[in-house]
Amino acid sequence: MESEQHSERGSPFQGLFRLAEIIGTGLERLLEVPVFILSVTMTATVLLGVLFRYVFRSPLGWTEELSRYVMIWMALLSVALCIWRHEHVGVTMFIKKLPRLVAKTIIFLSNFLVLYFLYVLALYGFRMAEGGKAQVSTALHTSMKWWLMAVPVSAVLCLVMLVCKMTLDLRRKDLDEILMSEDIIQAVKREEGLDFDDGSVRGENQE
Amino acid sequence: MTAFIAGTFVVLILIGMPVGFVLGVTGLLSMLRMGLESVLQLVPQRYFAGVDMFTLMAMPFFILAGEIMNKTGITTRLVKFSNVLVGHLQGGLAQANILASVFFAGITGAAVSDTAAIGSMLIPAMVEEGYDKDFSAAVTASSSIIGPTIPPSNIMVIYGAFMQVSIAGLFLAGVLPGLLIAAVLMFMTARISKKRGYPVGERRATLKEILVAFKDSLVALLMPVIILGGILSGVFTPTEAAAVAVAYSMFVGFFVFKSLSVKDLWPIFLKMARTTGVVFLVISAASILGWVLTMEQIPEKVAALMLSISTNKWIVMSMILVLLLFVGMFMDIAAALIILGPILHPLAVDIGFHPLHFGIIMVLALNIALMTPPVGACLFVACGISRLTIEQLSREIFPFIIMVVIALLIVTFVPGISLFLPRLMGMAP
């Protein structure tokens, strides 16, 4: 990343790239907090339901609905996180066969279709949520608006994340960087805490 | 119109657009093409309704339980246990790799986590003992597909939720096919080991050693028992059982092994949320496209087309298998399941297949895609761990793919393998 920034110095887009990076990273940090809270809430709610039904023998009734809506918020907010982290992957084997510049252009332009999809999702999603204002959820007795809002809010966040990603894609040299999460495999290993970079396998490779 | 839908879909897939967005954009463009501006309000509605299912929540919970269990260091114990059981055979460590996947399958619902956890431990160990690196990686990647075949299984959750099939029934039906896959893989491993003279383990473990290793891994072996037992006895719904599995894994991590810290939960929960996000985008977007397909009566058209070629049950099923294996090679499993499920499931039931049986066939066939080039996810992870290229690994994994396809054929043409356990529990006629 850093070396790339060096080579881009002086480019008129430099400011734009910095901005996209700041917004994307900032939004990611910001989103992780509610996503974490929602995922813990979802788990705790279902367990609470189990506890009350089977241990205390007095079912709560609202836990199923609450956990379901919390799950939707959690998952849809995560969709935006995954756009920024390139975790939504497609089939990359064909596009990679094309000349790099052609492939980059096609990917860039195809993203406008996704932007349009997200725009429809946001626009009609807000209308749907407004329309659901008077609807009352069956168990929680809350307005459906708060749950339906997950769709347009997520769509707007996705829009922002995708625009940031598309901006940064402009300066990315390697197609893999555009198409896949920074390094899916590395991420898997880091998260599992199983990095064995200096192990025997690597050693053999260098010989 | 059908041509427009198919054309848009294929082009978007070919240019590498993320599968979830391909489904959404294709659905949206088809709606516009049908001149139905007024139905655009359906887009967010379907998007929301697509994932508004309590049953689906079992999936994030199984991911969570698997991640937490893995973090507690249970994998080491499972590998040790497998090793005392089969380590003395020729190619013992490779056999232990496969057996460990069987045990690991009981705590994870996804194949990729199996590849990552077992592979990063056993591939280096196997290479050190004198196995070829590409063989070690191939064994790891191919045995990973046992993970989503033996319960719990994320794709069975999705299948059950969308096709209205009992998830408990699918879980039960998956056990024997999962063991069958393990058996055919072990057979091939034994043959290759003998031919290449892979090391023979030192000696047979004593009964005492086996018991000690069994005791060490008992907490992990209990997890599928809790999940299946809870669901089958009617105590829990699948989602509740999955949540209990999360609580159980946390209990094990915090109090039994004391290897889990509160700090670990942040990355684990976030990873679960992101994995869920990726799959839920696919499901949500697929239900938009699903609406279009239903409007255009595509499922009926495909069924009619297939039945016009032959009405013989087995010929139609063979066509379905070819289709599934082909589509699986290029498409994400969840997407293939949600798009093809509503088309193929009614057709299969119509020609006389039991819903549980066909569920297992579909899950198995799409699972094989995890280990086939060019885009098999387990292949990618195994390559990452062993630092091989896909090409290097592809050659070595080929015999294993053949074996698994044979297992798929056996499972397809011998319904009893899938249906024996569900029948035993009175879940199938």
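Return yes or no: is A:Arg57 more than 10 Å from every other protein chain (Cβ to nearest Cβ) and more than 17 Å from B:Leu56 (Cα to Cα)? Explain how you work it out, then say what you get.
Working: more than 10 Å from every other protein chain (Cβ to nearest Cβ): yes; more than 17 Å from B:Leu56 (Cα to Cα): yes.
Answer is yes for this residue.
Within the range B:144-155, track down each residue that is touching a Cys at 6+ places or on another chain (Cβ under 9 Å) and either in a helix (DSSP H, G or I) or surrounded by fewer than 24 Cβ atoms within 10 Å (Cβ to Cβ) (or both).
B:Ser144
Taking the conditions exactly as written (part of a helix (DSSP H, G or I) and under 27 Å from the mean Cα position of the chain (by Cα)), does B:Gly50 satisfy them or not? Write out each step before concluding.
Numbers: part of a helix (DSSP H, G or I): yes; under 27 Å from the mean Cα position of the chain (by Cα): yes.
For B:Gly50, the condition - part of a helix (DSSP H, G or I) and under 27 Å from the mean Cα position of the chain (by Cα) - is met.
Given the conditions (1) buried (at least 21 other Cβ atoms within 10 Å of the Cβ); (2) within 14 Å of chain A (Cβ to nearest Cβ); (3) in contact (Cβ under 8 Å) with a residue 12 or more places away in the chain, and given that B:Val375 satisfies all but one, which numbered condition is not satisfied?
(1)
Any residue at all in the range B:361-372 that's surrounded by fewer than 21 Cβ atoms within 10 Å (Cβ to Cβ) and not β-branched (Val, Ile, Thr)?
For the range B:361-372, residues surrounded by fewer than 21 Cβ atoms within 10 Å (Cβ to Cβ) and not β-branched (Val, Ile, Thr): absent.
Name every residue in the range B:8-53 that is aromatic (Phe, Trp, Tyr) and closer than 23 Å to A:Leu179 by Cα, in order of residue number. Lay out the reasoning, then the answer.
Looking only at the range B:8-53, we keep the residues that are aromatic (Phe, Trp, Tyr), and these are B:9, B:21, B:47-48.
Residues satisfying the conditions are B:Phe9, B:Phe21.
If B:Ser394 meets every condition in (1) surrounded by fewer than 21 Cβ atoms within 10 Å (Cβ to Cβ); (2) within 18 Å of the chain's Cα centre (by Cα); (3) within 14 Å of chain A (Cβ to nearest Cβ) apart from one, which number is that one?
With (1) surrounded by fewer than 21 Cβ atoms within 10 Å (Cβ to Cβ); (2) within 18 Å of the chain's Cα centre (by Cα); (3) within 14 Å of chain A (Cβ to nearest Cβ) applied to B:Ser394, the lone miss is (2).
For the range A:77-86, how many residues meet the condition of being in a helix (DSSP H, G or I) and more than 7 Å from chain B (Cβ to nearest Cβ)? Give the derivation first.
We begin by selecting, within the range A:77-86, every residue in a helix (DSSP H, G or I); these are A:77-84.
So of that shortlist, the ones also more than 7 Å from chain B (Cβ to nearest Cβ) come out as A:77, A:80, A:83-84.
Here the count works out to 4.
In the range B:210-254, what residues are of a type outside the set (Gly, Ala, Ser) and within 12 Å of chain A (Cβ to nearest Cβ)? Before the answer, list the steps.
Initially, the range B:210-254 is screened for residues of a type outside the set (Gly, Ala, Ser), giving B:210-212, B:214-216, B:218-219, B:221-228, B:231-232, B:235-240, B:244, B:246, B:248, B:250-252, B:254.
Across the range B:210-254, the qualifying residues are B:Val235, B:Phe236, B:Thr237, B:Pro238, B:Thr239, B:Glu240, B:Val244, B:Val246, B:Tyr248, B:Met250, B:Phe251.
Looking for whichever is facing chain A (nearest Cβ under 10 Å), surrounded by fewer than 24 Cβ atoms within 10 Å (Cβ to Cβ) and either modelled with pLDDT of 90 or more or under 18 Å from B:Ala286 (Cβ atoms) (or both) here; the options are B:Leu56, B:Leu64, B:Leu40. Which one fits?
Selected residue: B:Leu40, the only one of B:Leu56, B:Leu64, B:Leu40 that is facing chain A (nearest Cβ under 10 Å), surrounded by fewer than 24 Cβ atoms within 10 Å (Cβ to Cβ) and either modelled with pLDDT of 90 or more or under 18 Å from B:Ala286 (Cβ atoms) (or both).
Which pairs do you get when a residue that is exposed (fewer than 14 other Cβ atoms within 10 Å of the Cβ), found in the range A:90-115, comes within reach of a residue that is part of a helix (DSSP H, G or I) and charged (D, E, K, R), reach meaning Cβ atoms under 7 angstrom, with the pair 6+ apart or on two chains?
Between residues of the range A:90-115 that are exposed (fewer than 14 other Cβ atoms within 10 Å of the Cβ) and residues that are part of a helix (DSSP H, G or I) and charged (D, E, K, R), the close pairs are A:Phe108/A:Asp169.
Mind listing whichever residues of the range B:281-312 are touching a Ser or Thr at 6+ places or on another chain (Cβ under 8 Å) and surrounded by 20 or more Cβ atoms within 10 Å (Cβ to Cβ)?
Passing the criteria: B:Leu289, B:Val292, B:Ile298.
Condition first: outside any helix (DSSP H, G or I) and in contact (Cβ under 8 Å) with a residue 60 or more places away in the chain. Now tell me which residues in the range B:161-180 satisfy that.
Narrowing the range B:161-180 to residues outside any helix (DSSP H, G or I): B:164-166.
B:Val165, B:Ser166, listed by residue number.
Taking the range B:233-262 as the region of interest, how many residues are of a type in the set (D, E, K, R) and part of a loop (DSSP other than H, G, I, E, B)? I'd like the intermediate steps shown before the answer.
Quick first cut of the range B:233-262, residues of a type in the set (D, E, K, R) only: B:240, B:258.
Then keep just the ones that are part of a loop (DSSP other than H, G, I, E, B); that gives B:258.
Number of matching residues: 1.
Would you pick out the residues in the range A:123-146 that are at the interface with chain B (Cβ under 10 Å from one of its Cβ atoms), small (Gly, Ala, Ser) and surrounded by fewer than 20 Cβ atoms within 10 Å (Cβ to Cβ)?
A:Gly131, A:Gly132
Restricting the search to the range B:200-220, which residues are basic (Lys, Arg) and in a helix (DSSP H, G or I)? Give the derivation first.
Restricting attention to the range B:200-220, the residues satisfying the condition of being basic (Lys, Arg) are B:203-204, B:208, B:215.
Passing the criteria: B:Lys208, B:Lys215.
Does B:Thr76 satisfy being free of Cβ contacts under 8 Å to residues at least 60 places away in the same chain, polar (S, T, N, Q) and in a helix (DSSP H, G or I)? Even if it seems obvious, please write down each step before you answer.
Working: free of Cβ contacts under 8 Å to residues at least 60 places away in the same chain: yes; polar (S, T, N, Q): yes; in a helix (DSSP H, G or I): yes.
In short, yes.
For the range B:87-95, state whether one or more residues are aliphatic (A, V, I, L, M) and modelled with pLDDT under 90.
Our first condition is that a residue be aliphatic (A, V, I, L, M); within the range B:87-95, this holds for B:89, B:93-94.
Next, from what is left, pick out any that are modelled with pLDDT under 90: B:89.
Scanning the range B:87-95, I find at least one residue that is aliphatic (A, V, I, L, M) and modelled with pLDDT under 90, so the answer is yes.
State whether one or more residues within the range B:2-22 are under 27 Å from B:Ala243 (Cα atoms), at pLDDT below 95 and not in a helix (DSSP H, G or I). Working first, answer last.
Restricting attention to the range B:2-22, the residues satisfying the condition of being under 27 Å from B:Ala243 (Cα atoms) are B:20.
Of the ones still in play, those that are also at pLDDT below 95 are B:20.
If we keep only those that are not in a helix (DSSP H, G or I) as well, we get none.
No, the range B:2-22 contains no residue that is under 27 Å from B:Ala243 (Cα atoms), at pLDDT below 95 and not in a helix (DSSP H, G or I).
In the range A:52-62, what residues are among the hydrophobic types (A, V, I, L, M, F, W, C) and either surrounded by 14 or more Cβ atoms within 10 Å (Cβ to Cβ) or not in a helix (DSSP H, G or I) (or both)?
Of the range A:52-62, the ones among the hydrophobic types (A, V, I, L, M, F, W, C) are A:52, A:55-56, A:60, A:62.
Within the range A:52-62, A:Phe52, A:Phe56, A:Leu60, A:Trp62 qualify.
Among the residues of the range A:29-54, write down those that are within 20 Å of B:Leu265 (Cβ to Cβ) and either of a type in the set (D, E, K, R) or away from every other protein chain (no Cβ under 11 Å) (or both).
Answer for the range A:29-54, where residues must be within 20 Å of B:Leu265 (Cβ to Cβ) and either of a type in the set (D, E, K, R) or away from every other protein chain (no Cβ under 11 Å) (or both): A:Arg29, A:Leu30, A:Glu32.
Please work out which residue is surrounded by the most Cβ atoms within 10 Å (Cβ to Cβ), limiting yourself to the range B:67-80 and to residues that are within 21 Å of the chain's Cα centre (by Cα) and either more than 8 Å from chain A (Cβ to nearest Cβ) or at positive phi (or both). Step through it out loud before you land on a result.
Initial filter on the range B:67-80 (within 21 Å of the chain's Cα centre (by Cα)): B:67-71, B:74-75, B:78-79.
Still in the running and either more than 8 Å from chain A (Cβ to nearest Cβ) or at positive phi (or both): B:67-69, B:74-75, B:78-79.
Values: B:Glu67: 26, B:Ile68: 27, B:Met69: 30, B:Ile74: 27, B:Thr75: 28, B:Leu78: 27, B:Val79: 23.
The qualifying residue surrounded by the most Cβ atoms within 10 Å (Cβ to Cβ) is B:Met69.
Against the definition (among the hydrophobic types (A, V, I, L, M, F, W, C), crowded, with 22+ Cβ neighbours inside 10 Å, in contact (Cβ under 8 Å) with a residue 12 or more places away in the chain and closer than 25 Å to B:Ala243 by Cα), how does A:Leu118 come out, yes or no? Quick ask: steps written out before the conclusion?
On the way: among the hydrophobic types (A, V, I, L, M, F, W, C): yes; crowded, with 22+ Cβ neighbours inside 10 Å: yes; in contact (Cβ under 8 Å) with a residue 12 or more places away in the chain: yes; closer than 25 Å to B:Ala243 by Cα: no.
No: the conditions fail for A:Leu118.
Given the structure, is A:Arg18 charged (D, E, K, R) and farther than 29 Å from B:Val246 by Cα? Talk me through it step by step, then tell me what you get.
Values: charged (D, E, K, R): yes; farther than 29 Å from B:Val246 by Cα: yes.
Criteria met by A:Arg18.
When you look at A:Met149, is it in contact with a His (Cβ under 7 Å, 6 or more places away or on another chain) and either within 30 Å of B:Val381 (Cβ to Cβ) or within 11 Å of chain B (Cβ to nearest Cβ) (or both), yes or no? Walk me through it before giving the result.
On the way: in contact with a His (Cβ under 7 Å, 6 or more places away or on another chain): no; either within 30 Å of B:Val381 (Cβ to Cβ) or within 11 Å of chain B (Cβ to nearest Cβ) (or both): yes.
Answer is no for this residue.
To keep it simple, each residue is scored yes or no on (1) assigned to a helix (DSSP H, G or I); (2) within 23 Å of A:Leu162 (Cβ to Cβ); (3) touching a Ser or Thr at 6+ places or on another chain (Cβ under 6 Å).
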{"residue": "A:Met42", "(1), (2), (3)": "yes, no, yes"}
{"residue": "A:Glu64", "(1), (2), (3)": "yes, no, no"}
{"residue": "A:Val89", "(1), (2), (3)": "no, yes, no"}
{"residue": "A:Phe126", "(1), (2), (3)": "yes, yes, no"}
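Just one of the numbered conditions (1) within 22 Å of B:Phe48 (Cβ to Cβ); (2) more than 8 Å from chain A (Cβ to nearest Cβ); (3) not basic (Lys, Arg) is not true of B:Phe257; which one?
Evaluating B:Phe257 over (1) within 22 Å of B:Phe48 (Cβ to Cβ); (2) more than 8 Å from chain A (Cβ to nearest Cβ); (3) not basic (Lys, Arg) leaves (1) as the failure.
The values are calculated or read from the model by the stated rules, or taken from the named source; none is laboratory data. Quantities reported herein were computed from a predicted structural model and do not represent experimental measurements. Cβ coordinates were reconstructed from backbone atoms using ideal geometry, including for glycine residues, and neighbour counts include every protein chain displayed.
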